[in-house]
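This report concerns only the one structure given below.
Rule-based calculations on the coordinates, nothing more; no lab input. No experiment lies behind these values; they were computed from the predicted model shown. Virtual Cβ from ideal backbone geometry, glycine too; neighbours counted across all protein chains shown.
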């Protein structure tokens, strides 16, 4: 059972347990969202929303806190990806990470942008669980962590991951 | 496309995150929106207190209190007899 904190009106510091959770999981939550969205700013916005949803509805010391955040990051980012629609080429180029080709190579930028857009299109097109699985796995989560986040048996993660990779390959051609 | 190529396709560059700035942003929003956090309730005490109160109320009203096992045994015997 959970109850609103008595007497608090939202002002002042956050509960210590929540701040610990935020510090411990923020980078990972952003990383998961960034794998899906390919954009740091959007990923950080998604992470803020994910933590806010958790903060509003769950106690920070809940044993399921981290898996909940990981799953929510993947699903919220996939929702944002689908809602994003078509972005202008200029906006996309501005959102490219710093290790992408220099701006004085338009051809390379065009190719990188096209690939990046295709990856995101494929993630939005394959089944949500497969896309979430790929985002979690390639963000560095272990099979056990993925199993907890997606509420599947750890022994099934390998099979599910292979299916997700196959779906991704098929769509990428 | 092998696993490494999928990894490469999903790569997004090596970005760092500023967790403290993000936490400060979160605190501001929580304060601005006056979000009330959820804290774990002392489950056992709440349940015990609630049940205790109910039992006291039942006794005051003269309601017989019995275990489920006893109730079921009596109920079944009544049906069979």
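What's the extension gain from residue B:24 to residue B:63 if we count 0.36 nm per residue and subtract their Cα-Cα distance?
Details: separation 39, 0.36 × 39 = 14.04 nm, distance 5.63 nm.
This chain segment gains 8.4 nm when fully extended.
What is the mean number of Cβ atoms from other protein chains located within 10 Å of the Cβ atom of each residue in peptide A:51-61, rounded to a whole number? Spell out each step's value before the answer.
Details: counts 5, 5, 0, 2, 7, 6, 2, 4, 5, 4, 2.
Per residue, the number of nearby Cβ atoms from other chains is 4 on average.
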